[in-house]
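Some notes on the structure that comes next.
Every read-out reported here was derived from the displayed coordinates using simple, explicitly stated rules and does not represent laboratory data. Every value quoted in this text rests on a predicted model; they were computed, and no experiment measured them. So basically every Cβ, Gly included, is an ideal-geometry build from the backbone, and we count neighbours across all protein chains shown.
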Ligand SMILES: [Zn+2]
Ligand SMILES: [Zn+2]
């Protein structure tokens, strides 16, 4: 239905930017102002406080009958159909990009397919999930994840990283395959009388009966990692709902765009300028600013990927921490241009080990490639 409202399969048409089809709608029979009833998932606040105690409110999702005028319903439908063509375009495009990427992998590449499966709960929550498009984007919209993706793989020796998003789960295709299969196996086990009340038991029951190799990550481990990321400068990324590709070519620097592009990947170039490629600014948060105001007592592993200032020849140079060892810290430094401007040397990078006593930390606001300190 949405395909019939566009001239062709281009991004321009799908994104409503084509003059010929941005107003095109799907022809429907003439609607009237008759009131019809529509069944919808709605958020509702409920009061579950006990008498005599303070008020406790909770938001729950309920299925409700909503009376709507027929012509209003048609308007709403056409509005959603207009947004849906962008959505369907993104799904097709991202899936295609994924398939091409997979088919062209070399011995030096690594492809990780991550499925953020929703919690293992009953049918009711699955029903809600299938009603709301875009729900799973929540997990991606996490600045700590963006920080991690632009630092951790570099520390492991990868030079270029891209993170490509499929649209949220729609129950079809490979992105949902593994999670779905595991949940079905779990359901079968429950029917056979096994109890799966938590993640640990899910892991223990499934690791024997499933062909998928499973790893269990405890809540404590997640909290520990989360805690260690409290003092890092975080990226402020605008429009995360729209982006489908995140790239990191240099540690601590993030680029992103509307949809994935690998048009020059064969030549080793991942950050081609296609589809509104943007570079993210590294903005220290209030919290991080406080922490970075003075140099921390010890430079630790979690400082990798962070901006710093090192002293060299009694002059300060900004750089990015690449690796931390007990008595040495590896830093990629910028070069000086004039008194107070810096740039990244190219093509040869300036990577050196520095003694921790040569460090200052400071919150930096980066704009462009050349900036005053
Ligand atoms: Zn068009
Ligand atoms: Zn491109």
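Determine, for 21, 263, the number of other Cβ atoms within 10 Å of each Cβ, and report the residues in order from fewest to most.
Numbers: 21 18, 263 11.
Least to most surrounded, the residues fall as 263, 21.
Each residue in 344, 41 was given a count of other beta-carbon atoms within 10 angstrom of its own, and listing them fewest first yields 41, 344. Legend: P(r) of the stretch 56-96 from all alpha carbon pair distances, 5 Å bins from 0, whole percents, reading 5, 17, 12, 13, 15, 14, 13, 7, 2, 0.
For the stretch 65-112 and the stretch 302-343, what is the separation of their C-alpha centers, rounded to whole Å? Result: 42 Å between the Cα centres. Take each peptide in 85-92, 9-16, count the other Cβ atoms within 10 Å of every residue, and average; sorted highest first, the result is 85-92, 9-16.
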